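The structure under discussion appears below in the form of structure tokens.
The values are calculated or read from the model by the stated rules, or taken from the named source; none is laboratory data. Given the structure is predicted, the values throughout are model-derived calculations rather than measurements. No Cβ is skipped: glycine too gets one built from the backbone with ideal geometry, and neighbour counts run over all protein chains shown.
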Amino acid sequence: MTDVSLPRAGFRAALGQIWRGQRVWLASCLILLALAVFDPGQAWESAGFAGDALMRTAPYLVLSIAIAAWAGATGADNLIARAFTGAPILMIGLAALAGGISPFCSCGVIPLIAALLAMGVPLSAVMAFWLASPIMDPSMFVLTAGVLDLEFAVAKTVTAIGLGVFGGAVVHVLARGGALSDPLREGVGNGGCGGARVRAPKPVVWRFWTEAERRTKFGKTAASTTVFLAKWLTLAFLLESLMLAWVPAETVTALLGGTGVMPILTATLVGVPAYLNGYAALPLVGGLIDQGMAPGAGMAFLVAGGVTSIPAAMAVWALARPQVFAIYILLSLSGAFAAGLLFQIWVSI
């Protein structure tokens, strides 16, 4: 009798891999399919809205993709490793700056953090990098300037660095008192591609096009970044079209409008469960601001959601002990609230 369990298991594994790789595209297709069945007019409106929005942001997408591919091909991300040497206070500042401008991909940040902690780099500097990194990077800056505006992009960058410095300073004070001496969970090592950059940073090759391997890496990074941004922004623009069509502007204004503290506090708390993705959140926040959301609330939503998003929070939980995770979340929420409040004061002046 033939054993068909192995082929079936392989088929299920293949289907699972396809679903994991294409679920964002599938979600967009399912939204349009559901609209076509129940509200055909809105289906055409949403598809047209998403297409127009992608065309408007295309120049910023191209620049964003080029920056990401250039950073990977030249090895510019190796420069980040140099931020973790020196006196503790200097390390905190440099680590926050590195986090705010780092082009690390999500697969590189997690092993990098593990390597830094396992090699004895102070948690204060690591926390500064950890808090700043999810908020901003060069590609995010370009897209934020294009989707929202340059003032918002600059303020978000300053917020990333400021939150990193604030979090690093708090952890430094706690560590001096004897707390947080062993931040890593049991069994977490110092391996990974990100860790190798710290242990043995490689020189940056600015003229990357002279080497076939680096040209290939540029192409692969550009292709993967294009697919990543296209699928998330398509979904985001579809959701934005539905939000504009179905969510009354007065509701948004009542919850998140105005210049008081409550809209910013609400946006900070809502940002934790409602955040989709750093790139996908930008057009959603832009739509909300157009409907009356306070700019400070938009900043709080982006910062809180970025740092406490499921991938970022899961990475912290997987690597660090519960008390470090709790400090990370508290610093994230308090920093996001403060950033929203300060930005609202700034735009009101």
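Numbers below:
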| item | result |
| --- | --- |
| Some residue of the range 276-284 being modelled with pLDDT of 85 or more, of a type outside the set (A, V, I, L, M, F, W, C), surrounded by 20 or more Cβ atoms within 10 Å (Cβ to Cβ) and within 14 Å of the chain's Cα centre (by Cα) | no |
| Residue in the range 248-256 that is assigned to a helix (DSSP H, G or I), of a type in the set (Gly, Ala, Ser), over 19 Å from Asp137 (Cα atoms) and modelled with pLDDT of 85 or more present | no |
| All positions within the range 34-55 that are surrounded by 12 or more Cβ atoms within 10 Å (Cβ to Cβ), of a type outside the set (Gly, Ala, Ser), in a helix (DSSP H, G or I) and at pLDDT 90 or above | Leu35, Gln42, Trp44, Glu45 |
| Exclusive hit being within 26 Å of Thr144 (Cβ to Cβ), modelled with pLDDT under 65 and either part of a loop (DSSP other than H, G, I, E, B) or out of contact with any Ser or Thr (no Cβ under 8 Å at 6 or more places or on another chain) (or both), set Gly189, Gly194 | Gly194 |
| Cross-chain or 6+ apart pairs with Cβ under 9 Å, the range 336-349 first and under 20 Å from Val270 (Cβ atoms), then polar (S, T, N, Q) and not in a helix (DSSP H, G or I) | Gln344/Thr259 |
| Pairs where the first residue, in the range 258-285, is over 23 Å from Pro138 (Cα atoms) and among the hydroxyl-bearing types (Ser, Thr, Tyr) and the second is outside any loop (DSSP other than H, G, I, E, B) and at pLDDT below 75, C-beta under 8 Å, 6+ apart | Thr266/Leu255; Thr266/Leu256 |
| Residue match in the range 221-234 (condition: modelled with pLDDT of 80 or more, exposed (fewer than 13 other Cβ atoms within 10 Å of the Cβ) and more than 18 Å from Ala27 (Cα to Cα)) | yes |
| Condition check for Leu269: more than 28 Å from Ile67 (Cα to Cα), surrounded by fewer than 22 Cβ atoms within 10 Å (Cβ to Cβ) and at pLDDT 80 or above | yes |
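Let's see how each residue does on (1) over 22 Å from Val170 (Cα atoms); (2) at pLDDT below 80; (3) assigned to a helix (DSSP H, G or I):
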| position | (1), (2), (3) |
| --- | --- |
| Leu63 | yes, yes, yes |
| Ala68 | yes, yes, yes |
| Ala73 | yes, no, yes |
| Leu79 | yes, yes, yes |
| Leu90 | no, no, yes |
| Leu94 | no, no, yes |
| Ala98 | no, no, yes |
| Pro103 | yes, yes, no |
| Cys107 | yes, yes, yes |
